[in-house]
Amino acid sequence: MPIRYVSTRGAAPPASFLDALLRGLAPDGGLYVPEAWPDLSGAAAGATFAETTARTIQAFDGGSLPEGAAGRAAERAAARFDDPEVVAPLTDLGRGLFLLELFHGPTAAFKDVAMRLAAPLIEAALTEREGRLLLVTATSGDTGAAAVSAFAGLQRVRLAVLHPLGRVSPVQRRQMTTVRADNVLNLAVRGDFDDCQGLLKRLLDDAGLRQGSAVSSVNSVNWGRLAGQVPYYLTAAERLPAARFVVPTGNFGDAFAGWVARRAGGALGPLVAAVNGNDALARALNEGRYVRRPAKLTASVSMDVQAPSNFERLWFEASNRDAERTRAFFEAFARDGEATIPDDVLRALRREVEAIAIGEEEAAAEIARTWREASVVVCPHTAVGLAAARRFGPAEGPTVVLATAHPAKFPEAVAPAIGRAPDAPESFAQFSGEERFTTVDADYAAVRAAVAAHAG
Ligand SMILES: *Cc1c(COP(=O)(O)O)cnc(C)c1O
């Protein structure tokens, strides 16, 4: 029986996993969640990473994908990692602290894990339906790099990536712009990440653009991508049952995947979302008011998010799946830039997730400390997670911090803390070719024209 997906805003018809994967956002503006949670306890027992992934996707799909597609996609995705059996190794830092290393894929950030899986799943779905897809995405760096790498050369997909000009790290930019593939368009927008997200939203709402082909996005509102982040929680919890998981958080997609893993029977302990100075989520959970503030530029650029999109999924759960209240809350937030969380929902949210904000100095000091004490170099995002994890002592049981990117992606932030440039993985050499991107103003007409021309 295919699993049915419902929208957090309650006004979209139920969809299959395949529909949710191809659509991204639900047509009523909400986010898709499965109507009922599958049982994934034991999915990682005695299994390779690919096997755990295949079981996870099969459980969330229930038969809308072509026969065998989940297994084949899981194998193909794992094969692109340094150790295909393991994909996400655990490193023991001592004193009950572990790193779950998610950066051993083609573009050296955790986004590779789910994007590498989503690409063959989308390809299989489009082949079955004889369809074509225009994928558009806005990126602060890592999502775009992972998407370009995963979707380059796919026959049925055209990809357009919007990044803010001059605001992604040079390594991130090269990973997007040096890939030779006719189905990829890189747009460097004269603006910031919020401008890119605003333009993306208009592209997704643009009925005229939809006439040629289906239009969707592969950011973490896409359930198919989020589901691909569940397996590494299951494999880590299998090795360290009841461990606390600390997740460097921006859009709250990765942390919500941890919540899903636990809800579906994974042996996870408490969940902690660690944010940088862009702390709307931490304030919401700790103070009860969700407020949009101006963006702060931090060293953990991929977490510089004002309004974490997946917060809506947790809110929906915390309200006992009350779509009316969820809609009212997020519409008020979109309109007024702030909203107060009702007491019952706030209490429920706090039972599920804790949030800790870490400042720039503390994060930088954490890179230096981890290098000094454990001879391990971490990226600035991972450092935010580690600093939050230090709030808990070894007596409180094992703590797993998600290591979300390779430090060499962010040498500007890492070198000053450790006194030298971090060693780059060999794979970085392939991003040394000529760069191709189109610079555009943060103007909808200009961006739309470029994307429409690329869609063909
Ligand atoms: C995207 C990203 C994050 C934040 O993940 P979310 O799912 O948006 O919360 C953290 N660290 C790195 C390196 C990232 O690329």
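The values are calculated or read from the model by the stated rules, or taken from the named source; none is laboratory data. Source: prediction; values computed, not measured. Using ideal geometry, Cβ is built from the backbone for each residue, glycine included, and neighbour counts are taken over all protein chains shown. In case anyone asks, the SASA skips ligands and DNA or RNA and just uses the protein heavy atoms, side chains included. Shrake-Rupley method; radii C 1.70, N 1.55, O 1.52, S 1.80 Å.
At-a-glance table
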read-out: Trypsin sites (Lys or Arg not before Pro) within the stretch 248-352, DSSP loop, no more than 15 other Cβ atoms inside 10 Å; value: Arg292, Lys296, Arg321
read-out: Solvent exposure ordering (accessible area, 1.4 Å, most first) of Ser220, Ser432; value: Ser432, Ser220
read-out: Low-density loop positions, trypsin sites (Lys or Arg not before Pro), the stretch 171-241 - DSSP coil, at most 14 other Cβ in 10 Å; value: Arg180
read-out: Alpha carbon centroid spacing (whole Å) that separates the stretch 278-315 from the stretch 431-447; value: 28
read-out: Charge sum, other residues only, whose C-beta stays under 9 Å from His104's C-beta, Lys/Arg counted +1 and Asp/Glu -1; value: -4
read-out: Estimated distance in nm for a label pair at Thr91 and Gln211, the labels positioned 7 Å out from Cα along Cα-to-Cβ; value: 5.3
read-out: Alpha-carbon spread of the stretch 84-165, three principal axes, descending order, Å; value: 53, 35, 16
read-out: The stretch 64-220: relative contact order in percent, alpha carbon pairs under 8 Å with at least 6 residues between; value: 21
read-out: Under-5 Å amide H pairs with Val215, H placed in peptide plane, nonlocal only; value: Leu134
read-out: Other-chain or far-sequence residues with amide H under 5 Å of Ala357's (modelled H); value: Val275
read-out: For Val401, distant residues with modelled amide H under 5 Å away; value: Phe98, Leu99, Leu100, Val246
read-out: In order through the stretch 43-49: 3J(HN,Hα) via Karplus (6.51 cos²θ - 1.76 cosθ + 1.60), integer Hz, x for Gly, Pro; value: 5, 9, 5, x, 10, 6, 4
read-out: Karplus (6.51, -1.76, 1.60) ³J(HN,Hα), θ = phi - 60°, over the stretch 256-266, in Hz, Gly and Pro reported as x; value: 5, 4, x, 4, 4, 4, 5, 4, 8, x, x
read-out: Net length gained if the chain between Glu412 and Tyr444 were fully extended (0.36 nm per residue, minus Cα distance); value: 8.3 nm
read-out: Under 18 Å from the Asp182 label point (7 Å along Cα→beta-carbon), backbone N, the stretch 125-144; value: 132-135
read-out: Evaluated over the stretch 316-456, the Cα radius of gyration and Dmax, each in Å; value: 21.8, 59
read-out: Residue-wise HN-Hα coupling along the stretch 5-17, computed from phi with Karplus coefficients 6.51, -1.76, 1.60 (Hz; x: Gly, Pro); value: 9, 10, 8, 5, 9, x, 10, 10, x, x, 10, 8, 4
read-out: Debye equation applied to the C-alpha atoms of the stretch 154-237, log10 I(q)/I(0) at 0.19, 0.25 Å⁻¹; value: -1.07, -1.29
read-out: List Val400, Val86, ordered by accessible area with a 1.4 Å probe, largest first; value: Val86, Val400
read-out: Cα shape, the stretch 1-86, gyration tensor, a/c 1.5 rule; value: prolate
read-out: Length-normalised contact order for the chain - Cα pairs under 8 Å, 6+ apart - percent; value: 18
read-out: Selection from Ala188, Ala108, Ala138, by position along the positive dipole direction of the stretch 98-214 (Cβ); value: Ala188
read-out: Student exercise, the chain dipole from Lys, Arg, Asp, Glu Cβ charges, in Debye to nearest 20; value: 300
read-out: Whole-angstrom gap from the stretch 319-360 to the stretch 96-161, using each part's C-alpha centre; value: 29
read-out: Range in the chain, longest, excluding exposed GluC sites (Glu not before Pro) [loop by DSSP; at most 15 other beta-carbon atoms within 10 Å]; value: 131-433
read-out: Estimated FRET transfer efficiency when R0 is 60 angstrom, pair Arg129-Ala242 (beta carbons, to 0.05); value: 0.90
read-out: Farthest toward positive dipole pole in the stretch 1-127 [+1 Lys/Arg, -1 Asp/Glu at C-beta], among Pro13, Gly63, Leu93; value: Pro13
read-out: Rg to Rh quotient for the chain, alpha carbon positions, Kirkwood Rh; value: 0.93
read-out: Distant alpha-carbon pairs in the stretch 392-456 (separation over 14 angstrom), percent; value: 77
read-out: Within-14-Å neighbourhood charge of Gly265 [Cβ basis; K, R +1; D, E -1]; value: +1
read-out: Local electrostatic count, Met176, Cβ distance below 14 Å [Lys/Arg +1, Asp/Glu -1]; value: +3
